[in-house]
1. What number of residues in the stretch 54-71 are free of Cβ contacts under 8 Å to residues at least 60 places away in the same chain and assigned to a loop (DSSP other than H, G, I, E, B)?
2. Does Ala91 satisfy the condition of being on the phi < 0 side of the Ramachandran plot, in contact with a helix residue (DSSP H, G or I) (Cβ under 7 Å, 6 or more places away or on another chain) and either part of a loop (DSSP other than H, G, I, E, B) or at pLDDT below 90 (or both)?
3. Within the stretch 61-74, work out how many residues are in contact with a helix residue (DSSP H, G or I) (Cβ under 9 Å, 6 or more places away or on another chain), on the phi < 0 side of the Ramachandran plot and open to solvent by less than 70 Å² (accessible area, probe 1.4 Å).
4. Quick check on my filter: what residues within the stretch 118-139 are surrounded by fewer than 19 Cβ atoms within 10 Å (Cβ to Cβ), modelled with pLDDT of 90 or more and not aromatic (Phe, Trp, Tyr)?
5. What about Leu140, is it closer than 22 Å to Thr54 by Cβ and not β-branched (Val, Ile, Thr)?
6. Just to verify a result, which residue in the stretch 276-293, among those that are among the small types (Gly, Ala, Ser) and under 15 Å from Asp231 (Cα atoms), is most open to solvent (accessible area, probe 1.4 Å)?
7. Return the pairs, sorted by first residue and then second, in which the second residue is modelled with pLDDT under 85, the first residue lies in the stretch 1-29 and is under 15 Å from Gly149 (Cβ atoms), the beta carbons are less than 6 Å apart, and the residues are 6+ apart or on different chains.
Amino acid sequence: MNRVAQIKKVSYVGIGANLLLVGFKAFVGLVSGSIAIILDAVNNLTDALTSGITILGVVLAGKKPDSRHPFGYGRIEYLTAVIISALVLFAGITSAVESAKRIASPEPADYTWVTIVVIVGAIIAKLFLGNYQKNQGKALDSDSLVATGTESRSDAALSASTLVAIAVSAIWGISIEGYVGVVISAIIIKAGVELMLGSLSIILGKRAQGDLAKDIKSEISAIDGVLGVYDLILHDYGPNAAIGTVHVEVDDNTQATQIHRITKRIQKAVYDKFQILLTVGIYARNNSNPEVLEMMKFVRGVALNQNGVTQVHGFFWENGYMSFDIVVNFDADVPAARNAITQAILERIPGTRIDISIDKNYTE
C-alpha cells in the first residue's frame, strides 16, 4: 500500500471512530437530556471533519506536476496541517475561555453515572485513536495526521480533566473544573502553536536537518573522483518531494567525459537513496601545482581567521586570477571579512585579481 493510500486509511478510521462517538453520544445525550454530552457529540463531528481535511489535502497534494506548478502540489499537505493546527488552537482557546468563565462564576456540577460512563468511554476511544493517528503520521511523514492525532489526544486530555474535577468535587466538595480546564487548555494551545509553526517553517523554507545533509554529503563523497562536497541546498516541495543543488570538487585535470560520469553517478546515488533530485556544479581543485597548493593553504588560513567565516572551498588560480568561496554565518559582517581577506592576499601576492563568492550555510 502506497503512502497516499495509507494516509487515507488512517483518516477513514478517524472519520469512522468519530462518527460512532457522535451517534453514541447524541443518543445518550438525548435520552438523558444532557446538553453537555450533546455538545461533546458536536465536537466529535468536528474531529471527523479534520480527518476529511487530511484526505482532501493528500488527494490534492498528489496531483501531477503541470505547467503552472512544475514542482507538483505536495506543499498542500503542509497547508492542510496548518488548517488542522488552527482548529487545535481554536479548541484550546475556546476551552480556556469557558474554563475562565467557570472560575469567575462557578456553578455546581451535576454529573450522573451515565455521563461518567460516556466520558470514560470517550477518553479511551480518543486516546487510542489519537496515538494511532500520531504514530502513523510520524511513520508516513504526514504533518496533517500528526495534527489530527494531537487534536484527538487533546480531547482525551480535556475529558480526563473533567473526570478529575468530578472526583475532587465528590470527595472534597471543591470545584476545580475551571482551573484544571485552564491548565489543559494551555497544553492544547502550546501543541497547536508548535504544530502550526512546524508546518509554516517548512513552507517558508526551513533549513535541512543535519542528519539528512550529512548523509547526502557522505553518499556523494564516496563516489570516485569527488574530492569535496559543498554548497548543498535542499528545497522541500512536499513529503518525499525535494530537489536541490550541490557543488563537488574534482581534480583540475579531470576531463569533461569524466565529469559527466561523476555528476550522473551523484544524481543516481542520491535519488536512489533519498529520492532527491540534485543539480551538480563543479569546482576544479589545483592539485598539480605545489605553489598553488601553498597559496590555497595561505588563503584558507586568512579567511578562517575572520569572524563569521566557517569554511573556504572552490579555490582556483590561473594567470593572476584567484577565485574561491567562503561560507559565512548569517550574522557575519560580510564586507569587513571580504575586505580583510582581499587586503591580506594583495599584500602577499600583489596584482592578483580576486573573486570571492559568499555562501551561506543552508544545511546544518
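The values are calculated or read from the model by the stated rules, or taken from the named source; none is laboratory data. Remember, it's a predicted structure, so these values are computed and weren't measured experimentally. Reconstructed Cβ throughout: ideal geometry from the backbone, glycine too, with neighbour counts over all protein chains shown. We work out accessible area using only protein heavy atoms, side chains counted, and drop any ligands, DNA or RNA first. Shrake-Rupley method; radii C 1.70, N 1.55, O 1.52, S 1.80 Å.
1. If we filter the stretch 54-71 for residues that are free of Cβ contacts under 8 Å to residues at least 60 places away in the same chain, which is where we start, we get 55-56, 59-60, 62-70.
With the extra rule that they be assigned to a loop (DSSP other than H, G, I, E, B), the set shrinks to 62-70.
Residues meeting the conditions: 9.
2. yes
3. 4
4. Within the stretch 118-139, Ile124, Leu127, Asn131, Asn135, Lys138, Ala139 qualify.
5. Working: closer than 22 Å to Thr54 by Cβ: yes; not β-branched (Val, Ile, Thr): yes.
Yes; evaluated as a whole, the condition is true for this residue.
6. Ala284
7. Asn18/Asn44; Asn18/Asp47
So that you can scan it fast, the table gives a plain yes or no per residue for (1) touching a Lys or Arg at 6+ places or on another chain (Cβ under 9 Å); (2) among the hydroxyl-bearing types (Ser, Thr, Tyr):
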| residue | (1), (2) |
| --- | --- |
| Gln267 | no, no |
| Val270 | no, no |
| Gln275 | no, no |
| Ile282 | no, no |
| Glu291 | no, no |
| Met295 | yes, no |
| Thr310 | no, yes |
